[in-house]
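See structure below.
Bear in mind these aren't lab numbers, they're just calculated from the coordinates by the rules spelled out. The shown structure was predicted, so the numbers you read here are calculated from the model rather than taken from an experiment. Virtual Cβ from ideal backbone geometry, glycine too; neighbours counted across all protein chains shown.
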Amino acid sequence: MTETESAKDKWMKIRSLIESVFKKTPDLSAILYLIGMRELGSSRQNYSKEEKVQLMHIATCRVLSTSGHYELKGTDEKGWPVWELKQKLPHQELFEQESYLRHHIIHYFEEEGLI
């Protein structure tokens, strides 16, 4: 099995895990949203559109922090994590960006013992 196939298998495992809980096949945005909720530590169900975008940003920062792109600076007055950009992301085409993010999401799920 090649490394690419392994990453693809892990990605499918993550999607299947989420689908088994929510009965819907998640896309990248939905996975980021769930990671953001997990990182926030809230069981709240209803978020405004702006808060949903913030949750996906929290998730993106968290997963990319493992490569040194972001650093957690603390929390804001609402208790939401605040991240600081430490290292610019590489310039990539859209497909490469998505692949880079998926790689980091896989690492997050492994690091957190979720897969």
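Structure summary
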item: Per-residue HN-Hα couplings for segment 101-115 [Karplus 6.51, -1.76, 1.60; θ = phi - 60°; Hz; x = Gly/Pro]; result: 5, 4, 4, 5, 5, 4, 4, 4, 4, 5, 4, 7, x, 8, 10
item: Cβ-placed point charges (K, R +1; D, E -1), dipole of the chain about Cα centre in debye, nearest 20; result: 360 debye
item: Segment 3-111, relative contact order in percent, only Cα pairs under 8 angstrom and at least six apart counted; result: 23 percent
item: Under Karplus coefficients 6.51, -1.76 and 1.60, residue-wise ³J(HN,Hα) of segment 58-73 in Hz, glycine/proline x; result: 4, 5, 4, 4, 4, 5, 7, 5, 5, 9, x, 6, 10, 10, 6, 9
item: Among (1) 1.22; (2) 0.99; (3) 1.08, the entry that matches Cα Rg over 2.2 N^0.38 Å as calculated here; result: (3)
item: 16 Å Cα cut-off, lysine pairs counted over the chain (separation 8 or more, or different chains); result: 4
item: Furthest towards positive pole of dipole, V53, Q92, G74, structure part the chain, Cβ charges; result: V53
